[in-house]
Amino acid sequence: EVQLVESGGGLVQAGGSLRLSCVGSGFTFDDYAIGWFRHAPGKEREGVSCISRKDGSTYNAEFLEGRFTSSTDNAKNTIHLQMNRLKPEDTAVYYCAAVRSTLWGTCNKFLSSSGIDYWGKGTLVTVSS
C-alpha cells in the first residue's frame with residue numbers, strides 16, 4: 001500500500017519555526033519527485049516545494065521568501081520541510097505529495113495539484129499573531 005505520512009505540525013507563534021517530516025512507503029522513493037502542498041482556509045491548495053533526486057529539479061513557491069527549506073533523506077524515504085520565520089498567513093494543512101519522475105522538470109508538476117500521483121493526509125500548521 002502506498003502511503004505518505006506527515007508529522008511535525010502544530011501551533012507556533014509568528015516568527016517561530018517548525019520542521020515537518022513525511023515518510024513514504026509502498027513505492028520506490030528515489031523514482032519520485034517529493035514535496036509539499038498546503039491548503040489554507042478560504043484558499044486553493046497550492047504547491048510549496050519539491051525535490052526530485054532523479055532529475056535534479058526543484059520547486060519553491062515565491063511566497064516562501066526563502067523562509068522554508070526542503071531536504072530529503074532517501075535512505076529513510078523521508079522529506080523534511082524546515083519552516084522558519086513563520087507568518088500567520090502560513091497557517092494551513094500541509095500535505096506531502098509525490099510525482100513519478102521523468103527525464104527532467106518533474107517538480108514543475110507542483111505548480112498544480114492535478115498531476116500528483118500520491119497524497120498524504122496532511123498535518124495542520126497554525127501560526128498565531
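Looking only at the stretch 79-92, filter to residues that are buried (at least 18 other Cβ atoms within 10 Å of the Cβ) and under 15 Å from the mean Cα position of the chain (by Cα); which one of those is farthest from Ala40 (Cα to Cα)?
If we take residues in the stretch 79-92 being buried (at least 18 other Cβ atoms within 10 Å of the Cβ) and under 15 Å from the mean Cα position of the chain (by Cα), then Ile79 is farthest from Ala40 (Cα to Cα).
Annotation: Phe68 fulfils all but one of (1) in contact with a Ser or Thr (Cβ under 8 Å, 6 or more places away or on another chain); (2) over 22 Å from Ser128 (Cα atoms); (3) not β-branched (Val, Ile, Thr); the unmet one is (2). Considered as a group, the residues in the stretch 115-129 that are part of a loop (DSSP other than H, G, I, E, B) and modelled with pLDDT of 95 or more include one that is surrounded by the fewest Cβ atoms within 10 Å (Cβ to Cβ), and that residue is Lys121. Candidates are the residues of the stretch 23-34 that are within 14 Å of Ile79 (Cα to Cα) and small (Gly, Ala, Ser); the one that is most open to solvent (accessible area, probe 1.4 Å) is Ser25. As a summary of the residue check, Gly66 satisfies the conditions (1) open to solvent by 60 Å² or more (accessible area, probe 1.4 Å); (2) touching a residue at least 12 places away in the same chain (Cβ under 8 Å) except for the one numbered (2).
State the number of residues belonging to the stretch 93-111 that are open to solvent by less than 50 Å² (accessible area, probe 1.4 Å) and outside any helix (DSSP H, G or I).
9
Just give me the residues in the stretch 35-61 being outside any strand (DSSP E or B), of a type outside the set (Gly, Ala, Ser) and either more than 22 Å from Gly16 (Cβ to Cβ) or open to solvent by less than 10 Å² (accessible area, probe 1.4 Å) (or both), in sequence order. Correct list: Glu44, Arg45, Arg53, Lys54, Asp55.
Taking the conditions exactly as written (over 15 Å from Ile116 (Cα atoms) and not aliphatic (A, V, I, L, M)), does Thr102 satisfy them or not? Quick ask: steps written out before the conclusion?
Details: over 15 Å from Ile116 (Cα atoms): no; not aliphatic (A, V, I, L, M): yes.
Answer is no for this residue.
Of the residues examined, Glu6 is one that is assigned to a strand (DSSP E or B) and either open to solvent by 50 Å² or more (accessible area, probe 1.4 Å) or in contact (Cβ under 8 Å) with a residue 12 or more places away in the chain (or both).
Here the condition is being within 13 Å of the chain's Cα centre (by Cα), among the hydroxyl-bearing types (Ser, Thr, Tyr) and modelled with pLDDT of 95 or more; of Ser17, Ser25, Ser21, it holds for Ser21 alone.
The values are calculated or read from the model by the stated rules, or taken from the named source; none is laboratory data. Because the structure is predicted, anything quoted here is derived from the model rather than measured. Because the Cβ atoms are built from the backbone with ideal geometry, glycine has one as well, and the counts that use them run over all protein chains shown. Ligands, DNA and RNA are excluded from the accessible area calculation, which covers all protein heavy atoms including side chains. Shrake-Rupley method; radii C 1.70, N 1.55, O 1.52, S 1.80 Å.
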